[in-house]
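As structure tokens, the structure follows; a few thoughts come after it.
Each reported figure results from applying straightforward, stated rules to the coordinates on display, with no laboratory input. Keep in mind the model is a prediction, meaning the values are calculated, not measured. Every residue, glycine among them, receives a Cβ derived from its backbone with ideal geometry; neighbour counts consider all protein chains shown.
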Amino acid sequence: MHGNGNASKTILMALLLATGCTRAGPPGAGQNPDAGSPPDKELGAFEPVRGTTYLRVAPIRPSGRDGKSYSWNLSSSGHDSFATCNYVFLDLNTETFVRLLPTNAWRVVSRTELPETNPGASDPPSTSWFLYEIVKADTNGDRVLSHEDRSTLALSNAAGGDYTELIADADEVHTKVMKDPSTLLVIYRKDGKSRLARIDLKARQVVNTSELPSFGPDVR
């Protein structure tokens, strides 16, 4: 009896293997979730980082069928403003690359080189940091990642390293101005209140935040 039972099990296993009907693993196991998905973004041209001879930075942008770059419009409703999803830094000395953000699913709505310089300045200072406004989610429900959504203010060094998020969920960033070579002042609005943040750029941290005084009941 036992011999016949073992023989039956052996035959059954052979049939299952032959037909591919073995127990499946969890969904997606052993598969690449991006396999078969065509790329929808492209790497832009590398441009020099001000004041350096060895650093270059290039954007990652959504790509159109004709090779042009468009805004990341989640609803395909016709918006076509400029968009950047990420940045890639190239160190010419080491021939290495650094991707700024851990994902290409966000949108960088602004990038500022610090310290700032006047256009056409004869001897502009070298870039020490980059300041970014990053939109991570469609917070106003219009299905478009844009300046209209809440943003995160973040900082990196000139080579794209030391990425640090400083202010999260800002409704609007009004002003960014250098107070001295290592201190940045940012005026922004969050939770219905306007605030002033003092940022230590070398330490990559907000050292003080205060609410702005009232400028009249008709001023928000």
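Side notes on the structure shown:
- Using the average count of surrounding beta-carbon atoms within 10 Å as a protection proxy, the listed peptides 165-172, 93-100 rank, highest first, as 165-172, 93-100.
- Top positive-direction residue, dipole computed over region 39-211 with Cβ charges, set A121, T164, Y132: T164
- Among V57, L101, N208 the positive-end extreme of the charge dipole of region 39-211 (Cβ point charges): N208
- Under 5 Å between amide hydrogens, built in the peptide plane, is the criterion, and for K190 it picks out D171, R195 among residues at least 5 positions away or on other chains.
- Remark: region 39-53, residue by residue, has Karplus-estimated 3J(HN,Hα) of x, 10, 9, 9, 8, x, 6, 7, 10, x, 8, 3, x, 10, 10 Hz, where x stands for each Gly or Pro and the curve is 6.51 cos²θ - 1.76 cosθ + 1.60 at θ = phi - 60°.
- Entries in K41/K202; K136/K190; K136/K202 that, when Cα-Cα distance is taken, lie over 22 Å: K41/K202; K136/K202
- Sorting the segments 202-214, 49-61 by their residues' average number of neighbouring beta-carbon atoms within 10 angstrom, most packed first, yields 49-61, 202-214.
- Placed amide H near T139: partners under 5 Å, 5+ positions off or other chain: R150
- Spacing of the two label points (7 Å from each Cα toward its C-beta) at T94 and L185, in nm: 3.7
- In order through region 140-146: 3J(HN,Hα) via Karplus (6.51 cos²θ - 1.76 cosθ + 1.60), integer Hz, x for Gly, Pro: 9, x, 8, 6, 9, 7, 7
- Sum of side-chain charges, R204 neighbourhood, beta-carbon under 14 Å (Lys, Arg +1; Asp, Glu -1): -1
- Assigned charges on the beta-carbon of Lys, Arg, Asp, Glu; region 39-211 dipole about Cα centre (debye): 120
- Segment D162-A45, extension gain: residue separation times 0.36 nm, minus the distance between their alpha carbons: 39.8 nm
- Net charge over other residues, Cβ less than 15 angstrom from the Cβ of V49 (K, R count +1; D, E count -1): -2
- With each label modelled as a point 7 angstrom along the Cα→C-beta vector, the R56-L196 pair spans 4.3 nm.
- The H on the amide N of L145, modeled in the peptide plane, is under 5 Å from the matching H of L74, each at least 5 residues off or on a different chain.
- Neighbour-limited loop hits for trypsin sites (Lys or Arg not before Pro), region 125-166 (at most 14 other Cβ within 10 Å; DSSP other than H, G, I, E, B): R143
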